[in-house]
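J.: Could you have a look at this structure, given as structure tokens, before my questions?
The values are calculated or read from the model by the stated rules, or taken from the named source; none is laboratory data. Note that this is a predicted model, so its numbers are computed, not measured. Neighbour counts run over all protein chains shown; Cβ positions are idealised from the backbone, glycine included.
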Amino acid sequence: MITLDKRLEACSKMVKGTGTVCDIGTDHAYLPAYLILNNICKKAVASDINEGPLKFAEQTLEKYGCRDRIALNRSDGLEGIDLTGVSDIVIAGMGGETIAKILSDRRTRNRKLNFILQPMTRASHLRRWLYQNGFEIIRETAVSEERFVYTAINAVYTGISMNIGLTPQMIGRINTCTPEGERYCLEQYKKMNNIALGLSKAGKAEDSSYYKSIADRLDMILKGKMNMVSEIYKYINSIAPFNTQEKWDNSGLITGDMSRKVSRTLVCLDITGEVAQEAAEKGAELVISHHPVIFHPLYNLPMDEPVCVLWKNGISVICVHTPYDCAEGGMSDILMELAGFEKKQGILEVVGGGDKPYGFGTLGELDTGCSAKELGEKLREVLHTVVIKYNDCGKTIKKAAFCTGSGGNLIQAAADMGADAYITSEVKHDQWHYARRRGISVFDCGHYHTEIIGMERLCRRLTAEFPDIEFIMSEADKDPVGYIISHT
């Protein structure tokens, strides 16, 4: 029976094998032969850019009697490879930049494909590229071979692009509690520390301080101090500062303890009784919600009150309401991006910031205009809702304003800024009439549907940032509104 080295063995454990497995840059076809012989898949393709490796691959397949189930293909990356029926794409033993270049093939933008990537160098470049180009790392394993430690990355395409910080670029989703993961993280810590030291000696204090902060963060991960409520709070505060919340809001740490250690976190839009119970049953030490669990004054505390359920089970709560609404890359920007618009300068309602203003609502533009109906269909698709209420003012839509949640009061601001359309929720009767008079198409997409997308994105960002903590979206948090659709 064929034996794999540790790198390829780690890759083999990430293969689904529901269809054909495509091994790009195959190494003697060891991996596809192993997958076939161990019944992990039924068909495979072994591909390489050079003729020599393919000849060695053919010898391997003949030796192990699996030539009839593995096709050999000479190809530069994915060029010339038919991806019909392919379930897994393995790219192992190359530099991170080369892997990223291969994945630039537009056909990889397929949510059904499972990617197994094993970079020999520049893994940080590959991780950054993956997130920026709509991929997500779902798991990662560190493996040691002789004096080197490598990583195997399992990724999928989600279509959601994100920028990640330098820390997740350096260690990805590697479990640092394993000996190999600890070693991998330690090497990255030493690298950041050496860069900081070199910059300090060169008199570049500001740059040195930045890399030293990354080294310190990696050191905290190694010491198990990153998995605390306080560190999650600090990260959220860095992307959605809590001091930007409105006076009437109640964001921040609502209940619990900053020093609480966290292994599992539940993320939701609203903390209902069902969500609080779910958090307890799933063993979450922390819940992160958009809407505050305590918003209006509580005059009594029955035991089934959500905050009481959380308190009784020792579960901390962080709420990110108006800070996340107003943040760069926050709620409205996410809605705009999903609708396919490119961000332009402009805030519908400025509420603070002085020289760096922040507030509610954002503006975006399309390269090619669309009709109101076309935009409505797009919104229904990306927001996964059955109902979009809208009025069609008859204009081709190129410039649009966006404000998640209850934003009917900002229709005038959107119109004043020259928007052809305004996407929000909770539009009142008189506001529809006002929009018609102003000649602006308005789309009411529902409060829940315009905001749950932001919490899903935050969950992904936190997952990338904290490799040793599990972040999960609540299953009990649902749209409180039902819909009856007439087909007549």
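J.: List the residue pairs whose Cβ atoms are under 6 Å apart, where the first residue sits in the stretch 110-123 and is assigned by TED's automatic domain parsing to the domain that holds Met14, the second is surrounded by 21 or more Cβ atoms within 10 Å (Cβ to Cβ) and among the acidic types (Asp, Glu), and the two are 6 or more positions apart or on different chains.
T.: Within 6 Å, the pairs are Asn114/Asp88.
J.: Quick check, is Glu145 in contact (Cβ under 8 Å) with a residue 40 or more places away in the chain and more than 25 Å from the chain's Cα centre (by Cα)?
T.: It is true that Glu145 is in contact (Cβ under 8 Å) with a residue 40 or more places away in the chain and more than 25 Å from the chain's Cα centre (by Cα).
J.: Residues of the stretch 119-141 being buried (at least 24 other Cβ atoms within 10 Å of the Cβ) and over 17 Å from the mean Cα position of the chain (by Cα), which ones?
T.: Pro119, Ala123, Thr141, listed by residue number.
J.: Which of the residues spanning the stretch 446-488 are of a type in the set (Ser, Thr, Tyr) and at pLDDT 95 or above?
T.: Tyr448, Thr450, Ser474
J.: I'm told Ala372 meets every condition in (1) surrounded by fewer than 16 Cβ atoms within 10 Å (Cβ to Cβ); (2) touching a residue at least 60 places away in the same chain (Cβ under 8 Å) except one. Can you identify the failing condition by its number?
T.: Among (1) surrounded by fewer than 16 Cβ atoms within 10 Å (Cβ to Cβ); (2) touching a residue at least 60 places away in the same chain (Cβ under 8 Å), the lone unmet condition for Ala372 is (1).
J.: Any residue in the stretch 69-80 that is in the same structural domain as Asp27 (by TED's automatic domain parsing) and part of a helix (DSSP H, G or I)?
T.: Checking the stretch 69-80: at least one residue is in the same structural domain as Asp27 (by TED's automatic domain parsing) and part of a helix (DSSP H, G or I).
J.: Next question. From Val350, Val317, which residue is in contact with a Pro (Cβ under 6 Å, 6 or more places away or on another chain) and either assigned by TED's automatic domain parsing to the domain that holds Gln132 or assigned to a strand (DSSP E or B) (or both)?
T.: Val350
J.: So which of Ile164, Ile153 is part of a loop (DSSP other than H, G, I, E, B) and under 23 Å from the mean Cα position of the chain (by Cα)?
T.: Ile164
J.: Kindly indicate whether any position in the stretch 66-81 is of a type in the set (Ser, Thr, Tyr), surrounded by 14 or more Cβ atoms within 10 Å (Cβ to Cβ) and either under 22 Å from Gly159 (Cα atoms) or in contact with a Phe, Trp or Tyr (Cβ under 8 Å, 6 or more places away or on another chain) (or both).
T.: Checking the stretch 66-81: not a single residue is of a type in the set (Ser, Thr, Tyr), surrounded by 14 or more Cβ atoms within 10 Å (Cβ to Cβ) and either under 22 Å from Gly159 (Cα atoms) or in contact with a Phe, Trp or Tyr (Cβ under 8 Å, 6 or more places away or on another chain) (or both).
J.: Can we say Leu130 is assigned by TED's automatic domain parsing to the domain that holds Ala10 and touching a helix residue (DSSP H, G or I) at 6+ places or on another chain (Cβ under 6 Å)?
T.: Answer is no for this residue.
J.: I would also like to ask the following. May I ask you to list the residues in the stretch 242-283 that are acidic (Asp, Glu) and assigned to a loop (DSSP other than H, G, I, E, B)?
T.: Selection gives Glu246, Asp249, Asp257, Asp270.
J.: Tell me whether the stretch 125-141 contains one or more residues that are in a helix (DSSP H, G or I) and under 16 Å from Gly181 (Cβ atoms).
T.: Scanning the stretch 125-141 turns up at least one residue that is in a helix (DSSP H, G or I) and under 16 Å from Gly181 (Cβ atoms).
J.: I would also like to ask the following. Just one of (1) part of a helix (DSSP H, G or I); (2) outside the structural domain of Arg380 (by TED's automatic domain parsing) trips up Ala435, so point out which.
T.: (2)
J.: What pairs come up if the first residue lies in the stretch 337-359 and is touching a residue at least 24 places away in the same chain (Cβ under 8 Å) and within 15 Å of Ala413 (Cβ to Cβ), the second is assigned to a strand (DSSP E or B) and among the charged types (D, E, K, R), and their beta carbons are under 8 Å apart, counting only those six or more places apart or on different chains?
T.: Lys344/Glu365; Lys344/Lys399; Gly359/Glu349
J.: Can you name the number of the only condition in (1) modelled with pLDDT of 95 or more; (2) outside any helix (DSSP H, G or I) that Glu97 fails?
T.: (2)
J.: Counting just the residues of the stretch 171-207 that are within 24 Å of the chain's Cα centre (by Cα) and part of a loop (DSSP other than H, G, I, E, B), which one comes out surrounded by the fewest Cβ atoms within 10 Å (Cβ to Cβ)?
T.: Cys177
J.: Step by step: first the residues of the stretch 406-421, then only those that are among the small types (Gly, Ala, Ser) and surrounded by fewer than 23 Cβ atoms within 10 Å (Cβ to Cβ), then the one that is nearest to Val350 (Cα to Cα). Which residue is that?
T.: Ala413
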